[in-house]
Amino acid sequence: MNRLRAVVLLWCVGLASPVGAASPDPKDLIVPPEELSKARELVQKLGSENFREREEAQAGLAKMGRRARQALADAVLNDTDPEIRLRASLLLPKANADDLKARIETFLADTEGKYDHDLPGLKLFRKYLGATQKSRDLYAEILKSPYNMELFNSIEKGEEEGGRAIADRRTTMWNEMNGQNIRFSGRPFTPKQPSLPDIAALLFAESVVPAERIPQMQQWQWINGTQFIHQPASMNALNNPNAAHAEVYRAIIARWLATRTDPNELANLSYQLGQMPLKQFKEALPLLRRIVLTEGVQNYAKGQALNSLVMTRGKDEAKFLRDILRNEIRVGDYPELFPNEKNPDRVITVNNDQMIQQVWFGKPDGQAEMHNCTMKDVALAFLISQSGGNIRDYGFETQPGAVIHPNQLGYGQYAFTSETKRAAGYMKFGWKQLKDQLEGPSTDKPANPPKDETNPSNRPGRRPDIRPVPGIRPAPPVQIQPIQPLPVPPPPAPDR
């Protein structure tokens, strides 16, 4: 068993015993020099040739508890006497447990958060979640698990060790939830649902260590934090603001959502982000766009993400759809996606020709043909629908009998059956955009022309659909003067 895990197990057992009021100042935990000298003398007696003296020294060190921890640790690492190293190694776990217990009690006694405490992951926890009483309460619950303590201890040591610890913790929690039906001992397996502190600890660690530093074994690569968000303890905290630790846990979820970059996680989140409770987080919309733009995310997930975006924001998402259609994204237009970008005018391509879904259409002879629906096809279909049009009028074909809701066009129930139809559809929409720019937005639905109240008899005259341009005065009517006859000169006089 891992040494830290054994220490915390011993500490958890010690919680049942009553303790006195602890000082909130960690400086009060410093072992006095005379106590440290006494412990070092007893450590040396562990190697005495007299058996009784060795036993008495061991009993004395055990009684000193945490005050002997430093002397015991030095002996385990540096002493050349094997007897001393052996006996010190047997005493050290209990001394470490006592020391950890004292540091946690000091932390809990510091209710105003005035002091710095030497506890695993505490500095990171305070950095991102604050030093409020509510965050302290959740952190104290997290500390009660040796697995969580081991995880927090690892993420403090760096991304590499933290990544390995996260991968191990994911697997352990998943196996506890969905292990084999029969264990090797023959006893039936009883699933164990993770507690809220366990889930909070894992997701917090995942928000600290980048996804690319978390190793993934081939058979476990699909296990990640998304599998634990919808467990009962998590859902209760997300849906019930009055649940224990709900406020701090929601802050952890918000930070976790903002740091997701792994394609497998993004694919799993594509549907969840459009539904409650994750839909309520402001980080959901930027993350849906990140799903669309991230290479390696499964194609169907990008369609679902586009669908969730439009269902949530409607026409407000038209700019993003037009950018997809143009196959260009200006990073400065989406600062939440590129927070570290120094050149806002940098343009990236979307790869909008990638297939979202394959659509099968039946043929009269009973056969079927397959066509690809691409990302730009989905963006075009949404833009057509938002303008009041019918995608079939632009060359899209649908499966026989399919009823397509205009706000749910991301699922690949339609496609162009030829490149000629695709080109014609884009050209028609391009002309419509140009017309809208010149004449103002309009829908594809035919409208009845307004009646000309000044010409009720429909006599020939000014067209009723022509209106003066705002801001320009009409020219005054031209007054046409009647043509005056030219003077006729008198005839010449006759010759005489």
If I filter the stretch 323-335 for residues that are in contact with an Asp or Glu (Cβ under 7 Å, 6 or more places away or on another chain), outside the structural domain of S385 (by TED's automatic domain parsing) and of a type in the set (D, E, K, R), do I get at least one hit?
yes
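Residues checked against (1) at pLDDT below 95; (2) part of a helix (DSSP H, G or I):
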| position | (1), (2) |
| --- | --- |
| L10 | yes, yes |
| V13 | yes, yes |
| S17 | yes, no |
| G20 | yes, no |
| P24 | yes, no |
| K27 | yes, yes |
| K38 | no, yes |
| L42 | no, yes |
| E49 | yes, no |
Only one of (1) at pLDDT below 95; (2) over 46 Å from the mean Cα position of the chain (by Cα); (3) among the hydrophobic types (A, V, I, L, M, F, W, C) fails for L108. Which number is that?
(2)
Search the stretch 330-344 for residues that are free of Cβ contacts under 8 Å to residues at least 24 places away in the same chain and pair each with any residue that is surrounded by 13 or more Cβ atoms within 10 Å (Cβ to Cβ) and in a loop (DSSP other than H, G, I, E, B) when their beta-carbon atoms are under 9 Å apart and the residues are at least 6 apart or on different chains.
V331/L337; V331/F338; V331/E341; G332/F338; G332/E341; P335/E341; P344/F338
Residues in the stretch 346-361: is at least one closer than 25 Å to T259 by Cβ and among the aromatic types (F, W, Y)?
no
With the condition kept exactly as written, say whether any residue in the stretch 139-157 is surrounded by fewer than 13 Cβ atoms within 10 Å (Cβ to Cβ), at pLDDT 90 or above and closer than 22 Å to A201 by Cα.
yes
When the residues of the stretch 73-82 are narrowed to those that are assigned to a helix (DSSP H, G or I) and farther than 10 Å from Q44 by Cα, which ends up farthest from the chain's Cα centre (by Cα)?
P82
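Results for (1) part of a loop (DSSP other than H, G, I, E, B); (2) under 19 Å from N224 (Cα atoms); (3) of a type in the set (V, I, T), shown as yes or no for each residue.
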{"residue": "A244", "(1), (2), (3)": "yes, no, no"}
{"residue": "A254", "(1), (2), (3)": "no, yes, no"}
{"residue": "L288", "(1), (2), (3)": "no, yes, no"}
{"residue": "V292", "(1), (2), (3)": "no, no, yes"}
{"residue": "V297", "(1), (2), (3)": "yes, yes, yes"}
{"residue": "L306", "(1), (2), (3)": "no, no, no"}
Among (1) of a type in the set (A, V, I, L, M); (2) at pLDDT 90 or above; (3) in contact with a helix residue (DSSP H, G or I) (Cβ under 9 Å, 6 or more places away or on another chain), L337 falls short only on (2)
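Quick grid of which residues meet (1) buried (at least 18 other Cβ atoms within 10 Å of the Cβ); (2) in a loop (DSSP other than H, G, I, E, B); (3) modelled with pLDDT under 85; (4) assigned by TED's automatic domain parsing to the domain that holds N352:
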residue	(1), (2), (3), (4)
D393	no, no, no, yes
I404	yes, yes, yes, yes
Q408	no, yes, yes, yes
A423	no, no, no, yes
Y426	no, no, no, yes
Give the stretch 362-392 a look and list any residue that's in contact with an Asp or Glu (Cβ under 7 Å, 6 or more places away or on another chain) and among the small types (G, A, S), or say none.
S387, G388, G389
Taking the stretch 255-288 and the residues there that are of a type in the set (A, V, I, L, M) and in contact with a Leu (Cβ under 6 Å, 6 or more places away or on another chain), the one that is farthest from L203 (Cα to Cα) would be L288
Look through D323, D316 and report the one residue that is part of a helix (DSSP H, G or I) and under 20 Å from P344 (Cβ atoms).
D323
Out of the residues in the stretch 325-351 that are touching a Gly at 6+ places or on another chain (Cβ under 9 Å) and surrounded by 13 or more Cβ atoms within 10 Å (Cβ to Cβ), which is nearest to G425 (Cα to Cα)?
F338
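The values are calculated or read from the model by the stated rules, or taken from the named source; none is laboratory data. Fair warning: this is a prediction, and the values are worked out from it, not measured in the lab. Because the Cβ atoms are built from the backbone with ideal geometry, glycine has one as well, and the counts that use them run over all protein chains shown.
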